[in-house]
Amino acid sequence: QMQLVESGGGLVQAGGSLRLSCAASGHTFNPYNMAWLRQAPGKESACVALITQCGSGTAYADSVKGRFTISRDNAKSTVYLQWNSLNPEDTAVYYCAAAHSGPYTYPNQYAYWGQGTQVTVSS
């Protein structure tokens, strides 16, 4: 069973920057495709960024393209989400997720999720 623990969320002002981290344990990290998902109030969860096992491939939702950067450090079993130019529409609970195959763009295709970290962007 893979465990994922997110950190780095909180309250930030619009226009600011933030970096989330997700530490994985319980399974060898390298074979997993990783993603960051988010669920805003009253909305379904959505995949905002994904990265392949070796980190050579990334993809982003249109709403975050150019502002978000996903990366991973396989030696540390950690995946990151860095973003700039935050806006209030980015307010959501952000989840780290892992899948042994894929990569996938739909949240329900990821077998493992973290507990989530709240990000609130004030205007």
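At a glance:
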{"item": "Whole-angstrom gap from region 44-68 to region 1-39, using each part's C-alpha centre", "result": "12"}
{"item": "Total charge dipole magnitude, the chain, about the Cα centre, Cβ charges on Lys, Arg, Asp, Glu only, Debye to nearest 20", "result": "140"}
{"item": "Those Cys residues of the chain for which no other cysteine Cβ falls under 4.7 Å", "result": "47, 54"}
{"item": "Solvent-accessible heavy-atom area per residue, rounded to whole Å², over the chain at 1.4 Å", "result": "49"}
{"item": "Label-point separation in nm, residue 62 to residue 74, each point 7 Å along Cα→Cβ", "result": "3.3"}
{"item": "Share of carbon and sulfur in the accessible heavy-atom surface of region 1-101 [1.4 Å probe, %]", "result": "48"}
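The values are calculated or read from the model by the stated rules, or taken from the named source; none is laboratory data. Predicted model, so just to flag it, every value in this text is computed and none were measured. Don't worry about glycine lacking a Cβ; one is built from the backbone with ideal geometry, like all the others, and counts go over all protein chains shown. Please note that ligands, DNA and RNA were not included when accessible areas were found on the heavy atoms of the full protein model with its side chains. Shrake-Rupley method; radii C 1.70, N 1.55, O 1.52, S 1.80 Å.
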